[in-house]
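Asker: My structure is below; once you've seen it, I'll send some questions.
The values are calculated or read from the model by the stated rules, or taken from the named source; none is laboratory data. The model shown is predicted, which means the values in this text are computed figures rather than measured ones. Cβ placement follows ideal geometry from the backbone for every residue including glycine, while neighbour counts extend to all protein chains displayed.
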Amino acid sequence: MSETKTLDPSNWSEKYTNQLFAFAYTRTKNQALSEDLVQDTFFSALKAKENFKGKSTEKTWLYSILKNKIIDYYRKSSTKKEKNILDDEDKSSDAIFAQNGHWKNSDGFVTSKNEASLLIENKEFYEILDKCLANLPLKTERAFRMKHIEGLETQEVCKELEISASNYWVLLHRARLSLRDCLSKNKIK
């Protein structure tokens, strides 16, 4: 039987913000919306942390919350254009988020690593990356996204794509070579 896993909300922002943002951005192509979805994910996870049963990793649990937030956003926006997904949230979020929508320092979520967030904020980079990924064969693209954007483990990717571990590493190698060439041609180094 697997050991019970525990949550550590004090490290969520530092450990998962970049990965969750990349995951959301590849699905929404909207920087502000992606930031909101990640913040909403952390807020919802904090509210529901007592419900965490430890059947998955903390990271997997946060990804599943984010996936549901993205689905909810598209469901709501299909009926009402440009509706803010945080409208229905509890107003206590003001205690966690500053007026600019970023985490407040006193809650332990903000890191001082502004340099690390510069790449995340580079919309042009993600647009070029998406175009480069779209040129890859479907299984190669999915393997790369699952590993490097969604942050899944090798076993999870292999199971999802129904491939062997050696095939997985070949797909990742080919993806990296193709992406390096494509990004280089687009002046991204």
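Asker: If you scan the stretch 140-155, which residues turn out to be surrounded by 15 or more Cβ atoms within 10 Å (Cβ to Cβ) and either modelled with pLDDT of 85 or more or part of a helix (DSSP H, G or I) (or both)?
Answerer: T140, E141, R142, A143, F144, R145, M146, K147, H148, I149
Asker: Out of the residues in the stretch 156-177 meeting the condition of being part of a loop (DSSP other than H, G, I, E, B) and not hydrophobic (A, V, I, L, M, F, W, C), tell me which one is surrounded by the fewest Cβ atoms within 10 Å (Cβ to Cβ).
Answerer: Within the stretch 156-177, the match that is surrounded by the fewest Cβ atoms within 10 Å (Cβ to Cβ) is E162.
Asker: Looking at (1) within 28 Å of E124 (Cβ to Cβ); (2) at pLDDT 85 or above, which is the only condition W169 fails?
Answerer: (1)
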